[in-house]
1. Would you please name the residue that is surrounded by the fewest Cβ atoms within 10 Å (Cβ to Cβ), looking only at residues in segment 53-70 that are out of contact with any Lys or Arg (no Cβ under 9 Å at 6 or more places or on another chain) and aliphatic (A, V, I, L, M)?
2. Can you pull out the helices (runs of 4 or more DSSP H) entirely within segment 29-103 that have at least 2 residues that are farther than 30 Å from H204 by Cβ and either of a type outside the set (D, E, K, R) or free of Cβ contacts under 8 Å to residues at least 24 places away in the same chain (or both)?
3. Mind telling me which of the residues A287, A302, A334, A312 ends up being free of Cβ contacts under 8 Å to residues at least 24 places away in the same chain, touching a Gly at 6+ places or on another chain (Cβ under 6 Å) and under 29 Å from I7 (Cβ atoms)?
4. Here is a check on your reading of the model: is V268 in a strand (DSSP E or B), buried (at least 19 other Cβ atoms within 10 Å of the Cβ) and of a type in the set (A, V, I, L, M)?
5. Does at least one position in segment 290-310 carry a residue that is of a type outside the set (D, E, K, R) and assigned to a strand (DSSP E or B)?
6. Considering only segment 11-24, I want to know if a residue exists there that is surrounded by fewer than 17 Cβ atoms within 10 Å (Cβ to Cβ), touching a residue at least 12 places away in the same chain (Cβ under 8 Å), of a type outside the set (S, T, Y) and over 30 Å from S373 (Cα atoms).
7. Does segment 217-239 contain any residue that is on the phi < 0 side of the Ramachandran plot, small (G, A, S) and in contact (Cβ under 8 Å) with a residue 24 or more places away in the chain?
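The values are calculated or read from the model by the stated rules, or taken from the named source; none is laboratory data. Just so it is clear, the structure is predicted and the values come from calculations on it, not from any experiment. No Cβ is skipped: glycine too gets one built from the backbone with ideal geometry, and neighbour counts run over all protein chains shown.
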Amino acid sequence: MKTQVGIIGGGPSGLLLSQLLHVRGIETVLLEKHTREYVLGRIRAGVLEHGFVDLMREANCAERMDIEGEIHDGFEIAHDGIRDRLDLKTLTGGDTVMVYGQTELTRDLYDARAGADGIVIHNAMNVQPHDLKSDAPYLTYELDGEAQRVDCEFIIGADGYHGVSRQSIPKDILKEYERVYPFGWLGVLSETKPVSPELIYAKHERGFALCSMRSQVLSRYYIQVPLSDKVEDWSDDMFWEELKRRLPDDVVANLVTGPSVEKSIAPVRSFVAEPMRYGNLFLAGDAAHIVPPTGARGLNSAASDIQYLYHAFVDHYLNNDDSGLDGYSAKALARVWKAQRFSWWMTTLLHTFPENSGYDNKLQATDLAYLFSSESAMKSMAENYVGLPY
């Protein structure tokens, strides 16, 4: 099999790039080791930057999102028994975010690729990239026990943190930066009406909490827990009671509880790999970077990678211009590190750190107080939350 761009990874990043390139007449083959059902079963983020929303429209995949997704003009931070609201739309001059679950977004992208007869190969095992420094790289994989090969001009590694793509870059070239936080997020998905029309971030002495949503009948709630905790340690009743302890009374009064549809604990960590290009291999999304979920930057950072790659390939194939490809790593990393900074800052601002001294806690409280006393500080937060310009 032969194609122009070979893509490893059938999550939203790989699918979005494949669909965008198809719209511009550029051929792709996408390899995914899991089944479509497995990929769609992963519960992930649901807050989309306005730039990501525009990319979905450009990919001709926004029809259902525009109908079912919910535009949010702001969000709240609950602290010290009060709720302060950040008016994103006013502070940014009109920008907002869209709440639309990653599962639904991924389903839309799968449907678009199927409708265009796009080549998406599931159950592709033992994928390996080869000859990355040459002008003729290729991919090998196994399907139903038989060896297969895809000859490409470029390879995209969108196969996540544990994927083969980043591991294919020599160790003496790859640099990795990481921070692991001393807690995780216990998340519960429930078929209940959201407690608020907008997200509520809660800072509390018992730990951070977040009230989020996927739709008007599907809610997502999180609480900060020690890394030593396991899902089995938390019954539904225990989760709801702890969540209530961390929320203001007026929020608790409106909270509708119910059985969990999904429950999981995600560690909170930061990770960046540099460079994001090696020869004709380009990394995108979690293959190159991970952020704490606090600032809703994870999926959105992946989308900015795709934005840069999409335009770089269009320039290469349609305009005979390689400047976008040559500058991809530096450009993508500049935005990635800004997302890292914002996610680190929000995480530091809102979580309880067991090792903090009294001095640290005072600074944390002062930082939060300053945020809502300064229009400039609120504008900075809003600008980062809705998404920095590509």
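1. It comes out as I67.
2. Qualifying helices (runs of 4 or more DSSP H): 36-40, 50-58, 63-68.
3. A312
4. yes
5. Initially, segment 290-310 is screened for residues of a type outside the set (D, E, K, R), giving 290-296, 298-304, 306-310.
Next, only the ones that are assigned to a strand (DSSP E or B) stay: 290.
Yes.
6. yes
7. Scanning segment 217-239 turns up at least one residue that is on the phi < 0 side of the Ramachandran plot, small (G, A, S) and in contact (Cβ under 8 Å) with a residue 24 or more places away in the chain.
Results for (1) at pLDDT 95 or above; (2) out of contact with any strand residue (DSSP E or B) (no Cβ under 8 Å at 6 or more places or on another chain), shown as yes or no for each residue.
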{"site": "G10", "(1), (2)": "no, no"}
{"site": "L20", "(1), (2)": "yes, yes"}
{"site": "R24", "(1), (2)": "yes, yes"}
{"site": "G41", "(1), (2)": "no, yes"}
{"site": "K89", "(1), (2)": "yes, no"}
